[in-house]
Amino acid sequence: MDYLSVPPALGWGRTRASAHSPIFRSNALPPLDWPLPCQFDQYDLRIEVQPRPHHRAHYETEGSRGAVKASPGGHPVVKLVGYTERQPLSLQVFVGTADDRSIRPHPFYQIHRVTGKMVGTASQESMQAGTKLLDIPLNPENNMTALIDCAGILKLRNSDIELRKGETDVGRKNTRVRLVFRTHLPLAPPIAPPGRVLALQVASLPIECSQRSAQELPVVESISLSSCSVEGGEELLVGGTNFLPASKVVFMERGSGQYHFHVYGSVMRLIRASPDLNPLVNNSASH
């Protein structure tokens with residue numbers, strides 16, 4: 001009996017993020033909830049600097065809270081790697097969901113264009129299927145890198161969204177978002193037929209946008225020491241945001257599900273702590 005031969009599997013490798021192809025006709029671009037990879041062939045869309053994990057979104061009835069900032073300071077940075085043409089591209093930015101489902105436009109938050117003397121990146125607003133986008137240039141002169149210092153986050157009214165037909169999310173429980181970045185690269189044979197573009201997308205780490213969480217949760221962004229003597233007496237500089245005068249610094253070591261030691265540092269002043277580790281707490285400590 002003769003059997004039909006089975007064709008070999010497609011060689012997508014790590015470029016394949018889902019069953020959807022990232023190549024589209026230039027006049028039929030994918031919707032914003034379409035799953036897309038961040039890498040394909042030699043092209044790679046990367047977030048070089050991630051945003052902070054907290055940002056106070058603003059309501060339509062109040063003034064802007066400014067652009068989303070980055071964890072080490074400054075603002076997020078996005079770069080397209082592998083693009084060698086001289087033609088500038090456009091980087092689209094929108095606010096997406098941060099739950100376990102595939103990324104889609106967030107129902108309760110929108111991107112907000114921030115302007116002013118301190119903003120150095122040009123941007124334009126556009127709408128796609130009810131979602132606001134920021135269009136930011138990716139220029140070869142800047143090594144296809146964009147500083148995202150023009151993107152804020154707008155909070156929509158929960159009641160306006162929850163009354164929409166088919167909407168099942170609850171606004172007060174859905175306060176985590178991601179910044180989603182998307183770009184479209186024109187392709188040429190032999191990679192794709194004429195008139196095709198490659199769509200790449202990358203999403204940031206989750207950002208908590210609720211006012212309460214953003215105000216109450218401290219964020220440690222840097223520490224000046226990676227190790228110290230168990231005798232203590234050294235000064236440790238802790239840098240970050242949302243630190244209060246009543247904040248505490250705790251030094252601990254855990255192993256096998258148990259605490260080997262657990263000691264509070266003596267806070268000398270805001271964001272400065274002196275680890276006063278008593279060697280009697282743990283005589284076997286090795287760091």
Distance (nanometres) between label positions extended 7 Å along Cα→Cβ at Thr115 and Ala188: 3.7
Under-5 Å amide H pairs with Lys69, H placed in peptide plane, nonlocal only: Arg52
Under a 1.4 angstrom probe, counting protein chains only, how are Met118, Met127 ranked by accessible area, largest first? Met118, Met127
Using the Cβ atoms and a cut-off under 13 Å, what net charge is assigned to the surroundings of His58, where Lys and Arg are +1 and Asp and Glu are -1? +3
List the residues, sorted by chain then number, that are 5 or more residues from Arg104 or on another chain and whose placed amide H is less than 5 Å from its amide H. Thr97
Per residue, how much accessible area does region 18-117 have with a 1.4 Å probe, in Å²? 50
In nanometres, what is the gap between the two model label sites at Thr61 and Arg86, each 7 Å from Cα along Cα-to-Cβ? 5.4
Gain upon complete extension [Val250, Ser229; 0.36 nm per residue less C-alpha separation]: 6.0 nm
Exposure rank, largest accessible area first [Glu231, Glu48; 1.4 Å]: Glu231, Glu48
For region 63-68, in residue order, the Karplus 3J(HN,Hα) values (coefficients 6.51, -1.76, 1.60; θ = phi - 60°; whole Hz; Gly and Pro = x) are x, 5, 8, x, 7, 4
Heavy-atom accessible area ranking, 1.4 Å probe, most first, across Cys228, Cys150: Cys228, Cys150
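The values are calculated or read from the model by the stated rules, or taken from the named source; none is laboratory data. The structure displayed is predicted, hence computed values, not measured ones. Reconstructed Cβ throughout: ideal geometry from the backbone, glycine too, with neighbour counts over all protein chains shown. The protein model used for the area step is the full one, side chains on, heavy atoms only, and it has no ligands, DNA or RNA in it. Shrake-Rupley method; radii C 1.70, N 1.55, O 1.52, S 1.80 Å.
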